[in-house]
Amino acid sequence: HRSGDLLARIVGDVESLQNYFLRVFYPPIVLVLVFLVTILFTAYFSIEAALLLLLGLLLTTLVVPLVIGMKQRKIDYRVRSERGNLSTEVTEFLYGFRDLKIYQQVDDKEEALLKSADTYLLEQERENVHRLFSESANTFLSLLVSVSVLTVSAYFVSVQQLDGLFLAMLVMISLTLFENTSPMAAFPSYLQESRQAVTRLDEVMERKGNED
């Protein structure tokens, strides 16, 4: 490995792994437990509302993260790759500046460095846009389920199959419950980030083991 790319792996990829337990491991477990308890509680008052919450659980914790994660894998790979290329270009420019100056290649190398930096910033921008889209889609589905719970509950109140006092309770449960889905919006991004980081670090360790 080139020294710049190796530095990017050791610093950037190790730093990425600090989010694993907080952003990847714990959120799904906590969210599923909270949803199951809430759905069982809601089912006592309205089976229909509980089914809508269950549908929202499947959409916001399985369907959306799965769809988003398929594209996130490619984006994160490009970000990691371009970060390694940029680190390599910076390292070569700094450590080889004397030779570049002697052979009058400073301008060409500087142009290549700026081009690599622009490419890396562009990939970062795409990653952030994709992450915001994931959060927006998750929020939209959460609000859609809450509105559906309100509509169904209001209908049962109108036909006197549900006490009107429970209408506000069910709506507040739905709104409060889906506030906990926010971490799942960023789940695909952090999951792919952790996977890419582990893969890149494993490549370094495997090569070191083969050399030994």
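The values are calculated or read from the model by the stated rules, or taken from the named source; none is laboratory data. What you see is a predicted model, and the numbers here were worked out from it, not measured in a lab. FYI the Cβ positions are ideal-geometry reconstructions off the backbone, even for glycines, and counts take in every protein chain you see. Side chains included, ligands, DNA and RNA excluded: accessible areas come from the protein's heavy atoms. Shrake-Rupley method; radii C 1.70, N 1.55, O 1.52, S 1.80 Å.
Heavy atoms of the protein chains alone define the surface here; on that basis the chain has 61 Å² accessible area per residue at 1.4 Å probe size.
Summing Cβ point charges (Lys, Arg +1; Asp, Glu -1) relative to the Cα centre of segment 41-104 gives a dipole of roughly 200 debye. For segment 23-68, applying the loop criterion from DSSP together with a ceiling of 14 other beta carbons within 10 Å to the chymotrypsin sites (Phe, Trp or Tyr not before Pro) yields TYR44. Each Lys or Arg adds one and each Asp or Glu takes one away; over the other residues whose Cβ falls under 15 Å from the Cβ of GLY56, this sums to -2.
When the helices of the chain are scored as -39500 (n - 2.57) per DSSP H run of n ≥ 4 and the total is divided over every residue, the value at 222 nm lands at -27500 deg cm²/dmol.
Using mean projected area of the Cα convex hull in nm² as the read-out, say which of (i) 13.4; (ii) 16.1; (iii) 14.6 was calculated from these coordinates. From the options (i) 13.4; (ii) 16.1; (iii) 14.6, the structure gives (iii).
Expressed as a whole percent, the accessible surface of segment 1-146 that belongs to carbon and sulfur atoms is 67, based on a 1.4 Å probe.
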